[in-house]
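Any read-out appearing in this document is the output of simple, stated calculations on the displayed coordinates, not a laboratory observation. Treat the numbers as computed from the prediction; the structure is a model and nothing was measured. Using ideal geometry, Cβ is built from the backbone for each residue, glycine included, and neighbour counts are taken over all protein chains shown.
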Amino acid sequence: MNTEVEVVVTGVGAVTCHGAGADTLWRAMTAAGVRRPERPADPLARMDLPLINLVPDLGPDPVPAAERATRFASRAAAEALADARHDAASLRACRTAVVLGSCMGEPGPNERGRGRGVHGDGFDWTPPFRLAGRLASELGVFGPVHDIANACAAGGYALGIAADLIRAGEADVVIAGGSDAYSRVALGCFNRLGAVDPERCRPFESDRAGTVFAEGAGILVVESAAHAEARGVRPALRLSGTAWSCDAGHPTAPEADGEQIVRAMRQAVGDAPETVGCVIPHGTGTRLNDVLESRALHQVFGPRAARVPVYSLKALLGHAGGASAALGAVAAALILRHGSVPANVPLKDQDPECEVLLPQGAAVPLPPSRRRVLVNAYGFGGNNASLVLAGGEDR
């Protein structure tokens, strides 16, 4: 693998509970516009389902027969490709890969199909992890295609694999990110774990009570700088660091010492932690995660940790599962493009154990010397991923 190959981001796309489009996401970020979560209307559910931040009606679908997560990924990918100035011909002319992360894939057919099987067992199973294949087929892409299922870190792993494919010379362009949609099984399981906040997702607040699920997709077009420049695109953003690690100590909880979380962050940040101007944390709103991540940031950044602006994306969107890290990367790209860290959703009372800077009321400019954004993602099974996006001035 050639680690000297420069990996760049040429396009981004997003679908969230605020609607379709990266511009829509940025407007929500700059307005701190929280959507109140709602209960999904599911006639098949046999329980009072917890709250979820659902994606609103997006109008005509480009893939009408597809399930929700596939439709979200398709719409976000179309935006990202247009942003990158790619079309069907340019994708066919190069080695293009697709790598998508998801917690649940497409669980809808299996959840709806229980008791309706045709094979005599009462259950006709459909493989749920087929998002990448569906998107590749839709785009006419015949290169490497990977579905990643590393729980809530899946979108982060997908972007790391995208960078590796480019550095290894296996692809010129990778359409990478994550997508997740409503699953009553996932909601029911988290509810039984007592991990769902009955109000909303409130990372780093003293009285936070868990997370709130969300639907959505984040897609980035990642390619080698040489390939982008050869087709006349001089990208302003680089995927300058990717790393992952695994606690492997508990099925759902991170290790109390945060050693592997710190390891992934340090590897992604590299030798210049002082150039990081913003952190988009995993920040789920669960009691343990927010404290451990806050402490880990202090280990990585030292005394400066309390002065590094943290933008809590899940406070705005909820927890989009396997899409959350990819949406974090889209948000990082927008912060770098606009040169400022938006004010967070207002905190009522920050937890004193979470000693991080969450800008309130006004945006914080990114100095030219600190145009790098760290994105963290953690998942069940101890899966940890960290990414760093860098702006044009940091070359």
By the scheme Lys and Arg +1, Asp and Glu -1, what is the net charge of all other residues having a beta-carbon under 12 Å from that of Phe213? 0
Net charge near Ala89: determine it from the other residues with C-beta under 15 Å of the C-beta of Ala89, scoring Lys and Arg +1 and Asp and Glu -1. +2
How far apart, in nanometres, would the label points at Ala226 and Leu193 be if each is projected 7 angstrom from Cα along the Cα-to-Cβ direction? 4.3 nm
Which ³J(HN,Hα) values in Hz, rounded to whole numbers, follow from the phi angles of region 137-146 under the Karplus curve 6.51 cos²θ - 1.76 cosθ + 1.60, where θ = phi - 60° and Gly and Pro get x? 5, 4, 8, x, 9, 10, x, x, 9, 9
Just checking my list (i) 35, 28, 16; (ii) 62, 23, 19; (iii) 29, 27, 19 against semi-axes √(5λ) of the Cα gyration tensor in Å computed from this structure; which label fits? (iii)
Given a Förster distance of 25 Å, the FRET efficiency implied by the Cβ-Cβ spacing of Ser206 and Cys246, rounded to the nearest 0.05, works out to 0.25
Got a sec? Which residues in region 196-225 would a label at Asp349 touch, if it sits 7 Å along Cα→Cβ and we count backbone N under 18 Å? 198-210
Total charge of the residues flanking Glu259 in space, meaning their Cβ is under 15 Å from its Cβ, with Lys and Arg +1 and Asp and Glu -1, is -1
Once phi is turned into θ = phi - 60°, what whole-Hz ³J(HN,Hα) does the Karplus curve with 6.51, -1.76 and 1.60 give for every residue of region 225-242, x standing for Gly and Pro? 4, 5, 5, 4, 5, 5, 9, x, 10, 9, x, 9, 10, 10, 8, 8, x, 9
Length-normalised contact order of region 134-269, Cα under 8 Å, at least 6 apart, in percent, tallies to 21 percent
Between Asp164 and Ala256, what is the label-to-label distance in nm when each label sits 7 Å out along the Cα-to-Cβ direction? 3.2 nm
What does the extension gain come out to for Asp23 and Arg85, with contour length at 0.36 nm per residue minus their alpha carbon separation? 20.6 nm
Considering only DSSP beta bridges where both residues belong to the chain, give the percentage that are antiparallel (nearest 5). 65 percent
Express the relative contact order of the chain as a whole percentage, based on alpha carbon pairs under 8 Å and six or more residues apart in sequence. 23 percent
Per-residue HN-Hα couplings for region 250-261 [Karplus 6.51, -1.76, 1.60; θ = phi - 60°; Hz; x = Gly/Pro]: 7, x, 10, 9, x, 5, 5, 7, x, 4, 6, 5
At R0 = 22 Å, FRET efficiency that the Cβ-Cβ distance of Thr3 and Cys94 yields, to 0.05: 0.55
